[in-house]
Amino acid sequence: MAYVINDECISCGACAAECPVSAISEGDGKYEINADLCVECGACAGVCPVGAPNN
Ligand code: SF4
Ligand code: SF4
């Protein structure tokens, strides 16, 4: 199941820079993951300062 970014996101952009498949983009008030692209590598969760990406 694809990772999902919750409302704790502070839009720092760190996850988008790490995603190997460019599945993360800036959304309305927080970053968002395209579930069709996510390969569930966990890199976003590893760099997020607030633990917002989860699966
Ligand atoms: Fe990208 Fe990996 Fe996060 Fe999925 S789990 S959004 S592929 S960094
Ligand atoms: Fe949001 Fe975390 Fe991604 Fe930063 S690293 S944009 S806080 S989900």
Exercise for review: For the chain, report the accessible area per residue in Å² (1.4 Å probe, heavy atoms, rounded to an integer).
Suggested key: 61
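For the chain, which whole-number percentage of the solvent-accessible area (1.4 Å probe, protein heavy atoms only) is attributable to carbon and sulfur atoms?
Numbers: 1530 of 3340 Å².
Result for the chain: 46 percent of the exposed heavy-atom area is carbon or sulfur.
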Check your understanding: If you project the alpha carbons of the chain onto their three principal axes, what span does each projection cover, largest first, in Å?
Key -> 23, 21, 19
Practice item. Quote the relative contact order of segment 13-55 in percent (integer), defining contacts as alpha-carbon pairs under 8 Å separated by 6+ residues. Key: 38
Practice item. With only Lys, Arg, Asp and Glu charged, each at its Cβ (+1 for the first two, -1 for the last two), find how big the charge dipole of the chain is about the Cα centre; round to the nearest 20 debye. Key: 120
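Gain in length, Glu40 to Asp7, computed as 0.36 nm per residue apart minus the alpha-carbon separation, to one decimal in nm?
Details: separation 33, 0.36 × 33 = 11.88 nm, distance 1.93 nm.
So the chain would gain 9.9 nm between Glu40 and Asp7.
The values are calculated or read from the model by the stated rules, or taken from the named source; none is laboratory data. Nothing here was measured: the structure is a model prediction, and the numbers come from that model. Cβ sites come from the backbone with ideal geometry, for glycine too, and all protein chains shown count toward neighbours. We work out accessible area using only protein heavy atoms, side chains counted, and drop any ligands, DNA or RNA first. Shrake-Rupley method; radii C 1.70, N 1.55, O 1.52, S 1.80 Å.
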